[in-house]
Amino acid sequence: MEKILLTGGNGFFCSRFTKRYKDSYEILSTDVPDLDITDEKKIMETFKEFNPDYVIHAAAIASTDFCNKNPEIAYKVNVTGALNVAKACKETNAKMIFISTEQVFNGNLKSGPYTEEDIPQPDTMYGKNKLEAENLLKEILDDLWILRFTWLFGLPERNCGMSPNILWNTISIALKGKKTKVTSNEYRGLTYVNELIDQFSKIFNIPYGTYHVGSQNNLNRYEISCLILKELGLENRIDELLENDTEKYKNHHRDIRLCTDKIAKYGIKFSHSKEAIKKCIKEYKFKI
């Protein structure tokens with residue numbers, strides 16, 4: 001049985017990955033405080049002891065505000081930590097999957113969807129960290145996949161990590177019953193996490209390189225939130241719960257959608273965000 005080591009193992013993606021593949025691979029799921037990726041010595045010891053075939057490096061500080069306010073801490077985790085993992089992969093001949101982000105394009109002036117050939121221009125510390133880590137890892141490893149994820153969404157699951165996402169955020173608005181501003185000037189790909197995980201093992205068989213991963217989406221964030229309420233049977237409460245925020249990103253619309261044609265050529269394809277949201281709500285039979 002092949003071995004997979006996960007960093008950020010308690011997080012939204014990796015906890016669900018372990019749940020899905022625990023019988024298909026020998027998985028070592030690591031997270032703080034058990035394994036601090038900024039501790040190079042401990043990382044090397046852990047890798048040599050487990051001797052993984054694959055490493056999925058998902059550990060990161062992803063909060064944009066925190067990274068902007070604490071750049072040294074963010075760099076230590078998001079860049080130095082990634083380098084420590086890459087060095088250990090090289091030492092143990094493990095193949096590395098580096099989880100990156102659509103947010104490397106956060107400062108680009110043109111609109112998405114962006115291809116892998118477009119030059120990222122991040123304007124947040126988190127995006128800058130991820131892009132720098134991408135470039136440094138390529139200098140260390142040949143056996144490397146860089147996956148730039150779109151925004152993942154899903155619902156709470158037992159013994160799985162949770163993070164803010166468009167679906168759960170909108171459900172939370174409905175549960176609280178408090179009118180909330182949602183911008184109509186933002187466009188992002190929105191990917192159902194389970195749809196990604198179900199196909200993830202295919203990635204081990206595609207050529208190394210950088211790939212954009214996730215769903216296509218033609219709706220803005222406000223339209224998506226309206227869609228979610230409709231799918232929950234709350235169409236008559238849209239005006240009560242949502243306020244269309246036309247001021248946020250008014251001067252420059254935020255559009256960080258990704259073109260995923262490259263990875264689709266290898267049979268890794270995703271539903272459009274609209275259909276994926278409907279699928280998720282239907283699977284969970286979620287009702288308010």
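For a quick check of your reading of the model, give me the residue pairs whose first member lies in segment 58-84 and is in contact (Cβ under 8 Å) with a residue 12 or more places away in the chain and farther than 22 Å from Ser29 by Cα, whose second is assigned to a loop (DSSP other than H, G, I, E, B) and of a type in the set (Ser, Thr, Tyr), with beta-carbon atoms closer than 6 Å and at least 6 apart or on different chains.
Listed pairs, sorted by first residue: Thr64/Thr124.
Note down all Cβ pairs under 7 Å where the first residue falls in segment 25-39 and is small (Gly, Ala, Ser), the second is not in a strand (DSSP E or B), and they're at least six residues apart or on different chains.
Once the first residue is small (Gly, Ala, Ser) and sits in segment 25-39, its partners that are not in a strand (DSSP E or B) give Ser29/Gly9; Ser29/Cys14; Ser29/Thr18.
Restricting attention to segment 254-275, and to residues there that are among the small types (Gly, Ala, Ser) and either surrounded by fewer than 22 Cβ atoms within 10 Å (Cβ to Cβ) or out of contact with any Ser or Thr (no Cβ under 6 Å at 6 or more places or on another chain) (or both), which single residue is nearest to Lys230 (Cα to Cα)?
Ser271
Any residue at all in segment 27-35 that's assigned to a loop (DSSP other than H, G, I, E, B) and of a type in the set (A, V, I, L, M)?
Looking through segment 27-35, at least one residue is assigned to a loop (DSSP other than H, G, I, E, B) and of a type in the set (A, V, I, L, M).
Inside segment 230-267, can you point out the residues that are of a type in the set (A, V, I, L, M), part of a loop (DSSP other than H, G, I, E, B) and out of contact with any Phe, Trp or Tyr (no Cβ under 8 Å at 6 or more places or on another chain)?
Leu234
Hey, Cys160 hits all of (1) part of a loop (DSSP other than H, G, I, E, B); (2) at pLDDT 95 or above; (3) loosely packed, with under 14 Cβ neighbours inside 10 Å but one; which does it fall short on?
Single failed check for Cys160: (3).
In segment 220-236, how many are closer than 20 Å to Lys282 by Cα and touching a residue at least 40 places away in the same chain (Cβ under 8 Å)?
9
Mind listing whichever residues of segment 167-223 are small (Gly, Ala, Ser), within 19 Å of the chain's Cα centre (by Cα) and in a helix (DSSP H, G or I)? Break it down into steps so the answer makes sense when it comes.
Restricting attention to segment 167-223, the residues satisfying the condition of being small (Gly, Ala, Ser) are 172, 174, 177, 184, 189, 201, 209, 214-215.
From what is left, the residues that are within 19 Å of the chain's Cα centre (by Cα) are 189, 201, 209, 214-215.
The one that is small (Gly, Ala, Ser), within 19 Å of the chain's Cα centre (by Cα) and in a helix (DSSP H, G or I): Ser201.
Go through segment 101-120 residue by residue and tally those that are modelled with pLDDT of 95 or more and either assigned to a loop (DSSP other than H, G, I, E, B) or touching an Asp or Glu at 6+ places or on another chain (Cβ under 6 Å) (or both).
Of all residues in segment 101-120, those modelled with pLDDT of 95 or more come to 101-108, 112-120.
Restricting the remaining residues to those that are either assigned to a loop (DSSP other than H, G, I, E, B) or touching an Asp or Glu at 6+ places or on another chain (Cβ under 6 Å) (or both) gives 106-108, 112-113, 115-120.
Qualifying residue count for the region: 11.
The values are calculated or read from the model by the stated rules, or taken from the named source; none is laboratory data. Note that the structure is a prediction, hence the values are computed from the model and not measured. Here Cβ is always computed from backbone atoms with ideal geometry, including for glycine, and neighbour counts include all displayed protein chains.
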